[in-house]
Amino acid sequence: MSGKQGSRRVAWRAGVLTFAIAACLGSVAGAIAARQESALPKPSAVVKPSAYVSLEPVPRGSDFEVAVVIEIARGFHVNSHTPRDPYLIPTTIKAQPTAGLEISGTKYPKGRDEKFAFSPDKPLDVYTGSVTILLHVASRASAHLGANRLPLTLRYQACNDSACLAPVNVPVNVKFDLAPAGTKGRAVHSEIFASASASH
Amino acid sequence: MRKVFGGILGLALAGVLGAAGCGHNTVSAGSSAGSSSVGLAEPQVTFKDLQGASVPLVSLKGKVVLVNFWATWCDPCQAEIPTLIGLQQKYGDKGFTLLGVAMDDDGKSVVEPFVQKTEFTVDGQKRTMNYPIVLGDDAIAQKFGGLIGYPISFLISRDGTIQKKYLGMLNAKEMDQQIESLLSSAPAS
């Protein structure tokens with residue numbers, strides 16, 4: 001092989017390599033754009049709620065707290081409990097009436113002001129990442145002893161940086177044991193409650 | 001070495017072919033918004049307007065129509081309304097109409113005050129929505145392929161064929177081009 005042939009071959013390979021890298025980058029960019037358009041999840045899949053009870057067991061007649069930790073999918077936000085625009089749907093949690101159990105207070109975390117591509121000048125009051133809602137619950141003498149359940153409904157409306165999903169109601173089941181009055185309840189999940197109290 | 005080059009070249013060609021169909025924000029087949037309806041005839045659907053009158057989509061045949069699904073609770077939907085007002089203002093007397101389909105669960109009770117009272121800044125002037133608003137629901141969304149995200153818009157040519165589907169906020173320049181192109185095509189006979 002002559003020197004000329006060798007240098008032509010090197011030049012050809014360099015050209016192919018340049019084209020290939022450019023095309024691959026273009027492909028990746030295209031794929032990302034396509035994914036942004038096609039990867040919208042169902043509204044109910046954007047938030048994963050988990051519930052924790054502050055006492056184990058809960059003595060009948062005592063008050064206790066429930067922490068509902070909501071994990072919001074990366075790239076999404078939900079409105080806080082107090083959005084500024086009256087048309088926006090706030091994040092709320094409601095309990096279904098349950099014999100002997102009474103919600104005596106609900107504390108929502110403060111939202112964060114964030115700007116988005118569709119709202120570059122007007123920050124929105126939103127939740128992102130992980131936030132915790134605290135409920136104060138009173139157990140009455142009529143509460144059912146043993147394995148217990150407090151059904152909650154979490155309502156939220158999520159968006160990403162370009163589109164919104166419909167508002168949705170998601171059930172959250174709080175399970176705990178209710179012991180006879182006078183039983184000593186052990187404080188559990190204290191790190192969750194301490195961290196949540198600090199952010200409210 | 002040759003194998004390596006062959007592999008890279010193959011990837012590159014696949015990339016070029018894959019990227020070729022990626023428009024700016026045109027949703028393609030199999031998207032999150034359901035199976036693609038682009039290229040198909042518009043669905044046979046009748047909306048109700050805010051006065052309760054029926055508005056069959058077919059009644060707009062002969063016009064270029066942009067069907068925009070939105071909701072009062074949807075911030076990006078609100079953010080694109082000035083663009084939509086501008087499109088209606090620019091092309092409304094040239095054979096084009098926008099049709100806003102409100103997807104609020106509470107329907108007229110929340111949509112009507114929003115439409116009547118909310119002002120948007122368009123070219124420095126305060127304007128309310130200047131295009132027809134109708135009410136949508138899940139059954140109507142289903143006829144458009146099942147809608148997950150909002151805003152989502154369908155551009156329909158004069159002959160009633162869905163030409164483009166856009167998820168997310170519309171790009172005003174792109175819409176100008178698309179609408180002008182469709183308006184310049186011959187009206188349906």
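Worth pointing out:
- Charge-dipole axis of region A:43-199 as Lys and Arg at +1 and Asp and Glu at -1 on Cβ define it, positive-most pick from A:P180, A:G75, A:Q157: A:P180
- Zero-based 10 Å bins, Cα pair distances in region A:43-199, whole percents: 11, 39, 29, 15, 6, 1
- Estimated distance in nm for a label pair at A:H136 and A:R74, the labels positioned 7 Å out from Cα along Cα-to-Cβ: 3.8 nm
- Net charge of neighbours whose Cβ lies under 12 Å from the Cβ of B:L182, counting Lys and Arg as +1 and Asp and Glu as -1: +1
- Length gained when the stretch A:S197-A:S50 is fully extended (0.36 nm per residue, less Cα-Cα span): 51.2 nm
- Aspartates and glutamates whose Cα lies under 19 Å from that of A:K48, excluding same-chain neighbours fewer than 8 positions away: A:E71
- Taking the fewest neighbouring Cβ atoms within 10 Å as the starting point, the ordered list for A:H77, A:H136 is A:H136, A:H77.
- Counted charge near B:F69, where neighbours are those whose Cβ lies closer than 12 Å (Asp, Glu -1; Lys, Arg +1): -2
- Above-threshold pairs, the threshold being 23 Å between Cα atoms, out of B:K63/B:K173; B:K90/B:K173; A:K115/B:K108; B:K61/B:K143; B:K63/B:K126; B:K61/B:K164: A:K115/B:K108; B:K63/B:K126
- Taking the centroid of alpha carbons for each part, region B:139-189 and region A:93-123 are 36 Å apart.
- Along the axis of the charge dipole computed for region B:30-189 (Cβ charges of +1 for Lys and Arg, -1 for Asp and Glu, origin at the Cα centre), the listed residues B:I156, B:L84, B:G136 are led at the positive end by B:I156.
- Mean Cα-pair separation over length for region A:43-199, i.e. relative contact order, pairs under 8 Å, 6 or more apart, %: 35 percent
- Annotation: for a label point projected 7 angstrom from Cα along Cα→Cβ of A:N173, residues of region A:46-71 with backbone N closer than 15 Å are A:49-52.
Just so you know, all these numbers are worked out from the coordinates, no wet-lab data involved. Not measured: the values here are computed from a predicted model. Every residue, glycine as well, gets a Cβ built from its backbone with ideal geometry; the counts of neighbours run over all protein chains shown.
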